[in-house]
Amino acid sequence: MKRGIAGQAAVLASVSSLALSSVAAIAQDENELETVVVTDSEAERFEALETSVDISREQIEQTQPVDLKQLFQSTPSVTTAGGSPASQKFYVHGIDQSKLNVTVDGARQKNNVWHHNGNLGINPMFLKSVGINDGVAPADDGPGAVGGSVRFETVDAVDMLKEGQKLGALVSFGYDTNSMTLTGTSAAYGADQGFEYLGTITRAEGQDYDDGDGFTELGTAADLWNGLGKFAYQSQEGHRFEVSGEYYRDDGYRRLRTNMGAVGSSFNDNLYERLTTTFKYTLEGASGYWDPEVLLYYNRNKLERPSESYYTRASGDFNSDLQSIGGHVQNRVHFDMGTVTTGLDFYHDHLDIERFWFATDADETITNVGAYVQARLTPLDRLDVSTGLRADFQSYRAVDDQTFDNFGLSPNINLGYEIIDGLQASAGYSYVFGGIEQAEAALFHARDYTYSDDLNPTTAHNAKIGLTYSYQGLTLGADLFYIKIMDPVAFNYTTSTRINGDDLISQGFDISARYDWSSAYVSVAFTHTEVEYGDRIALFGDYNNAVPVGDILALGAGYTYEDWNLTLGASAEIAFEYSNQDFEDNGYENPLPGYEVMNLFAEWAPKLGNTDFTLRGEVNNLFDETYYSRGTYSTTSRVTPVNSPGRSFFITATVKF
């Protein structure tokens, strides 16, 4: 840490001054304000009721994130472990993503390859939206959402095309001065006579980055490939068929444990790959009693860590491979009061692990079949009700050849009532049957595990209440949340047995405010999150369960000088010091240090005929703070954290034809 209260004051003052200058500039000429058109469509109302976090394409284009950490930088309820993308995992209200239903274009992402690695490689540049249900997820979000659900949607061709355009292309180059990382992206897309097509490819390569003290964090160099392809056809009657494929690859010489600093001096070749393919059929513009949707997907997550001759024990070398097929068939009925969606879904996961230190390999298979109904109704003026029920049957064949068959019901309800124009109160509750959570694949590389024969499926109680207020460009929000996960899976490492762990509870509140003008915005968001595991707070060693969060504040502001096609902006993340005796009693640093990180950007976007040109410059970690981001494994007697990058200048040039 380099600064305390004075540093926080500097960050707050910098962001606030930009915000105030934006307000002042607009106030000088109120006639320039555009008319705000408020829509009240059914889909938007219920999405707002069910979704606690909605990151739109517009927000993604404003911030231009390059990894998960930057994608969620203005959303403090989502904490992301720092370091390289190879180690970045995210947590919603401190709950590990393995306990969330995470999907990419509807394809379930339950890889759990290794707790020291990131569990989702994704390129935010081509995301259309991210939606998060923090606990009370609707039935049609899918199975196993004990801590909520997260939906990543990638862009379609029409999202990239300019108005009136049938064919387009994009070329972009970026350079980061800290890690000397060069990123190149190209894309081509088009739409004509009902056909749509999109192809993108991104390549990033660089060196290990330095933290704020100039210390080089070994094993963090970027070596990424990412590609996205989509093809769709939509008939005049609205029948839409779409196939997509996405490939993500991170290849590097990584620490043995990528989310930690010094724990010995071992390094591994580390190859992580994700392949996601989907087929989707919808009837666009449907109404009445027939609004079908069919989704099928194939998903594969692989982590290869080849055996090296100098290892003297099973210390992280293995090859794991998780393949999954799944999908759903559903229909939405429309009537005067709202809609009712009914459907069937399934997934079949098979996990293989090649163990170099054993004569035999290991594998597991999980199959789940579910049926669901979700009603979204407006029974009274100003009252919205979203309620539903899931029924799931899960069959889990474990690594020790035991089979666990379980059945459970998952009801949910979200209520929203508009007290006065613009002011809405909401409340929600769900009970979730999660089944037996998929084991972490790489745990089987080190020893033979057995499963307790009385292992119970994981279940959860989730509840929230909130208030939101919207008026023209102003949006205010406040929410209280409570998540209790019962019988989460755990391990008895003495007996090498998989067992049920203690109750996991996350509770706290989120508050946020944002104001949007025609050419400016100001935002602030704060979360207070307390996570308990049994009779203590959650700790970093509670693998695949939760991490301690505490208090985090996110600030942002931007202003566009329209005559100059120039946008200036700033953001800040402030994590407050977190003190608890449980840290010290369990061998962790106490208190957990706070930090203040300030970022600035300037973007010039002139139009050169039919070509859009964008030149963007960023200063990330302006004050060269030495810190490890909240969610990153903390300091112990054996572990040093992976610090986040120090000051870096990132320059991007993009041409869109």
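No value in this document is a laboratory result; all are computed from the given coordinates. Note that the coordinates shown come from a computational prediction; the quantities given were computed from them, not determined experimentally. A quick note on method: Cβ atoms are made from the backbone with ideal geometry, for glycine too, and the neighbour counts reach across all protein chains shown.
Quick look at the values:
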| item | result |
| --- | --- |
| Computed label-point distance, nm, for sites residue 57 and residue 360 using a 7 Å Cα→Cβ extension | 5.2 |
| For residue 182, net neighbour charge (Lys/Arg +1, Asp/Glu -1) across residues whose Cβ lies under 10 Å away | -1 |
| Unit charges on C-beta of K, R, D, E only; dipole of the range 97-252, Debye | 520 |
| Descending principal axes extents, the chain, alpha-carbon based, whole Å | 73, 61, 47 |
| Mean separation of Cα contacts under 8 Å, 6 or more apart, over the residue count of the chain: relative contact order % | 14 |
| Derived scalar couplings ³J(HN,Hα) [the range 503-512; Karplus, 6.51 cos²θ - 1.76 cosθ + 1.60; whole Hz; x for Gly, Pro] | 4, 10, 10, 10, 8, x, 8, 10, 10, 8 |
| Net +/- balance of residues flanking residue 294 in space, Cβ distance below 13 Å, scoring K and R +1, D and E -1 | -1 |
| Cβ-based charge dipole, the chain, positive-most Cα from 456, 279, 174 | 174 |
| Placed amide H near residue 266: partners under 5 Å, 5+ positions off or other chain | 256 |
| Once the Cα gyration tensor of the range 379-500 is diagonalised, semi-axes √(5λ) in Å | 42, 16, 10 |
| Gain upon complete extension [residue 175, residue 605; 0.36 nm per residue less C-alpha separation] | 153.0 nm |
| Exposed-site-free run, longest, the chain (rule: GluC sites (Glu not before Pro); DSSP loop; at most 16 other C-beta within 10 Å) | 309-576 |
| Efficiency of FRET from Cβ geometry, residue 237 and residue 207, R₀ 41 Å, rounded to 0.05 | 0.15 |
| Gain in span if fully extended, residue 253 to residue 329, counting 0.36 nm per residue against the direct Cα distance | 23.1 nm |
| Where labels lie 7 Å past Cα in the beta-carbon direction, separation of residue 482 and residue 382 in nm | 2.7 |
| For the range 319-435: relative contact order, % (alpha-carbon pairs under 8 angstrom, 6 or more apart) | 18 |
| Simple label model, 7 Å out from Cα along Cβ direction - residue 469 to residue 564, nm | 3.5 |
| Extension gain (nm, one decimal) between residue 402 and residue 518, 0.36 nm per residue minus Cα-Cα | 35.7 nm |
| Residue-count net charge about residue 465 - beta-carbon cut-off 14 Å; Lys, Arg +1, Asp, Glu -1 | -2 |
| Loop-located trypsin sites (Lys or Arg not before Pro) in the range 616-655 whose Cβ has at most 14 other Cβ within 10 Å (DSSP) | 638 |
| Trypsin sites (Lys or Arg not before Pro) lying in DSSP loop within the range 375-449, provided at most 16 other Cβ fall within 10 Å | 382, 447 |
| Cβ-placed point charges (K, R +1; D, E -1), dipole of the chain about Cα centre in debye, nearest 20 | 740 |
